[in-house]
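The values are calculated or read from the model by the stated rules, or taken from the named source; none is laboratory data. All figures in this text were calculated on a predicted structure; none of them were measured in a lab. Note: ideal-geometry Cβ built from the backbone for every residue, glycine included; neighbour counts use all protein chains shown.
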């Protein structure tokens, strides 16, 4: 994931991802949270990687996988 992030934004992305994983067990990882989380993460990605990450996020959100 970090190779897809804009230079200088890696620490911010790591912190955001850690926060999202830490709140999942307590039930506050919901649509409202995602509404703020996704745009924040996408804004820190290299432009050429945004569609790729959106695709993965959509698969995660729908329970689909390529395995």
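The single condition among (1) surrounded by 14 or more Cβ atoms within 10 Å (Cβ to Cβ); (2) assigned to a helix (DSSP H, G or I) that residue 29 does not meet is (2).
In this structure, does residue 52 turn out to be surrounded by 10 or more Cβ atoms within 10 Å (Cβ to Cβ), assigned to a helix (DSSP H, G or I) and either at negative phi or at pLDDT 90 or above (or both)? Here the answer is yes, as residue 52 does meet what is asked.
Across the range 2-26, which residue is farthest from the chain's Cα centre (by Cα) among those that are touching a residue at least 40 places away in the same chain (Cβ under 8 Å) and outside any helix (DSSP H, G or I)?
First, pick out the residues of the range 2-26 that are touching a residue at least 40 places away in the same chain (Cβ under 8 Å): 4-6.
Filter once more, keeping what is outside any helix (DSSP H, G or I): 5-6.
Values: 5: 11, 6: 14 Å.
Going through the qualifying residues, I end up with 6.
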